[in-house]
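Asker: Structure in structure tokens, see below.
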């Protein structure tokens, strides 16, 4: 059999993602804060992008104006200064600049803060820095009677505390790191355990509670200390009768001791956690007008971009056709094209968010009118079919986007969820079932909480027929304890 080489011509269709399409997809899935950061970075890298002031921005820049930016530059003729006004539009694109004030404020000596006409800072806008757990403990070490070597060991102990205030390293490991005796580390550890917050630097929950009991003035070998030392498992299961029987004391004394223990903090270091609550800026507002709902895309805080007229003037004023001039024209043309695509991608992103939000409000109108019990099952395919987009596009839009409504601020993904079959045959959203379970548990008798089987019967009476294991699964997802651990004796 002979082998030979041949050339064949074949036509085929292939989907290729252009850089512009990749940029549009990237912007679509960004959160609001990430979008602002991306725009600011593009403005730093692209000199042709500039932010228009609120007075200059008309808010309704047509796509024809954006599309015309590149064509103006490509069709610009060199050596035609008489057509400068035609290219730049009104004015020459240059802004007035007060050089005297600039040199006065930012001269060779740097910025001056001693000007009498300068405004004083508004202290209401200054954020106070909260001390971290390590800084708070190190401050107490400096106030203690520990010597330099002991303070060094104390710093090592503080450095090995987790975010809840528990000691992660063993005493032997710290002694080996600092080349000191185990007895010294134990001594310093006892000193640190007397610091604020109570229970700090404990090695486990039991030691943490014992430290807080000692600081609270509970006597040694008292019923509180005995329960913490020997009956921590019964305490977790709330088996107070068993504790009273083993200690041979009245149940009332055990309940009083448990009440004191329950007021202790099992995570003393969490109060100094560096995690801070972040304010959510909604991407969409839903406002009710009459019987309908109006969608408003939130553009506040987003830089209003435009292409600088100043560089169009430079482009039109290039005189000769040398290599440097050609490179300059190519550079400006590429930057204009990049800026144009960025502006169009942002506009398309806002339009897509509007369309998908409008479709969500249309599907979930009963939720906005009547509350969470009327939330309908919804999947991405339903919205994608309604707005005639791909499911992946809808998924990118609803990710990290928030909607402000009269019932609160919700992530767009909140309105999507699986469905369950109701008793009468209709489908019920899983979020509605979770809310119903939470409501039943919140209204139960704490001395005799509902079991999962009882919750199933109560849900069935409300028209929701689900299995007991489904109730248990939803309860665990919501972080609700079983009935044996929800029981309270006082």
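The values are calculated or read from the model by the stated rules, or taken from the named source; none is laboratory data. Everything quoted here is computed from the prediction, not taken from an experiment. So basically every Cβ, Gly included, is an ideal-geometry build from the backbone, and we count neighbours across all protein chains shown.
Asker: Can you tell me how many residues within the range 356-379 are crowded, with 18+ Cβ neighbours inside 10 Å and without any contact (Cβ under 8 Å) to a residue 40 or more places away in the chain?
Answerer: Residues flagged as crowded, with 18+ Cβ neighbours inside 10 Å and without any contact (Cβ under 8 Å) to a residue 40 or more places away in the chain within the range 356-379 amount to 1.
Asker: Taking into account only those residues within the range 186-206 that are free of Cβ contacts under 8 Å to residues at least 60 places away in the same chain and surrounded by fewer than 16 Cβ atoms within 10 Å (Cβ to Cβ), which is nearest to residue 246 (Cα to Cα)?
Answerer: Across the range 186-206, the extreme among qualifying residues is 206.
Asker: Looking at this structure, is residue 471 touching a helix residue (DSSP H, G or I) at 6+ places or on another chain (Cβ under 6 Å), buried (at least 18 other Cβ atoms within 10 Å of the Cβ) and more than 30 Å from residue 285 (Cβ to Cβ)?
Answerer: When the stated conditions are applied, residue 471 passes them.
Asker: Could I ask something else about it? Looking at the structure I just gave you, is residue 437 farther than 27 Å from residue 354 by Cβ, at pLDDT 85 or above and either within 29 Å of the chain's Cα centre (by Cα) or surrounded by fewer than 18 Cβ atoms within 10 Å (Cβ to Cβ) (or both)?
Answerer: Taking the combined requirement at face value, the residue satisfies it.
Asker: Considering only residues that are closer than 30 Å to residue 130 by Cα, surrounded by 12 or more Cβ atoms within 10 Å (Cβ to Cβ) and without any contact (Cβ under 8 Å) to a residue 60 or more places away in the chain, which ones fall in the range 256-307?
Answerer: Those that are closer than 30 Å to residue 130 by Cα, surrounded by 12 or more Cβ atoms within 10 Å (Cβ to Cβ) and without any contact (Cβ under 8 Å) to a residue 60 or more places away in the chain: 260, 261.
Asker: Sticking with this structure for a sec: In the range 266-281, what residues are out of contact with any helix residue (DSSP H, G or I) (no Cβ under 7 Å at 6 or more places or on another chain) and at pLDDT below 90?
Answerer: Of everything in the range 266-281, those that are out of contact with any helix residue (DSSP H, G or I) (no Cβ under 7 Å at 6 or more places or on another chain) and at pLDDT below 90 turn out to be 270, 271, 273, 274, 275, 276, 277, 278, 279, 280.
Asker: List the helices (runs of 4 or more DSSP H) inside the range 344-415, counting only whole elements, that have at least 3 residues being over 19 Å from residue 34 (Cα atoms) and over 20 Å from the mean Cα position of the chain (by Cα).
Answerer: It comes to 365-370, 380-387.
Asker: Pick from 156, 140, 183: which is exposed (fewer than 13 other Cβ atoms within 10 Å of the Cβ) and assigned to a helix (DSSP H, G or I)?
Answerer: 183
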